[in-house]
1. Would you work out if the range 1-47 is rounded, prolate or oblate? Take a ≥ b ≥ c from the square roots of the eigenvalues of the alpha-carbon gyration tensor; rounded if a/c is under 1.5, else prolate when a/b is larger than b/c, oblate otherwise.
2. Could you look at the chain and say what percent of its accessible area is carbon and sulfur, using a 1.4 Å probe and all protein chains?
3. Pulled fully out, how much extra length does the chain show between LYS23 and ASN35, if you take 0.36 nm times their separation in residues and subtract their Cα-Cα distance?
4. Evaluated at 4 °C with a viscosity of 1.567 mPa s, what Stokes-Einstein diffusion coefficient in µm²/s does the chain have when Rh comes from the Kirkwood expression over alpha-carbon pairs?
5. Could you tell me the largest-minus-smallest coordinate of the C-alpha atoms of the range 43-85 on each of the three principal axes, in descending order and whole angstroms?
6. Calculated from DSSP H runs of 4 or more alone, at -39500 (n - 2.57) each and per residue, what is the 222 nm mean residue ellipticity of the chain, nearest 500?
7. Kindly write out, for the range 58-68 in residue order, the coupling ³J(HN,Hα) from the Karplus curve 6.51 cos²θ - 1.76 cosθ + 1.60 (θ = phi - 60°), rounded to whole Hz, with x marking Gly and Pro.
8. Got a sec? Charge dipole of the range 1-57, +1 on Cβ for Lys and Arg, -1 for Asp and Glu; which of SER5, CYS41, LEU21 is way out at the positive end?
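The values are calculated or read from the model by the stated rules, or taken from the named source; none is laboratory data. Quantities reported herein were computed from a predicted structural model and do not represent experimental measurements. In this analysis, Cβ positions are derived from the backbone assuming ideal geometry, glycine residues included, and neighbour counts consider all displayed protein chains. To get the accessible areas, we keep the full protein, side chains included, count just its heavy atoms, and leave off ligands, DNA and RNA. Shrake-Rupley method; radii C 1.70, N 1.55, O 1.52, S 1.80 Å.
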Amino acid sequence: IYSRSAAMSEVNFALSELNMLEKLNNSNIARMVKNYFLEMCFVIYELARVTKSGGYCVVVNDNVRYGGEEIPVDLILSEFAEGFG
């Protein structure tokens, strides 16, 4: 699910480019964002696995911006959730 996400690929590419251009205030941001979403992919998988059929799960998050690049956290996590059913 993670590796098939077009939005995730775009975010990873953009942050990598910004990092190479030294436009991020911390060189670890690109890695942090990548790992955050990878971990959240596992969390969402587990939520989908343990939630009863027809049940609900609510995740509250906020979108962020690094080096001028907006990261649509809500859309990416929703994409993961849809991918896991």
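1. Note, shape of the range 1-47 comes out oblate.
2. Summing carbon and sulfur atoms, their accessible area is 53 percent of the total for the chain.
3. Stretched out fully, the LYS23 to ASN35 stretch lengthens by 2.3 nm.
4. 95 µm²/s
5. 40, 17, 14
6. Helix-only estimate at 222 nm: -18500 deg cm²/dmol.
7. My calculation for the range 58-68 gives 10, 10, 9, 8, 9, 6, 10, 9, 10, x, x Hz in order.
8. The listed residue farthest towards the positive side: CYS41.
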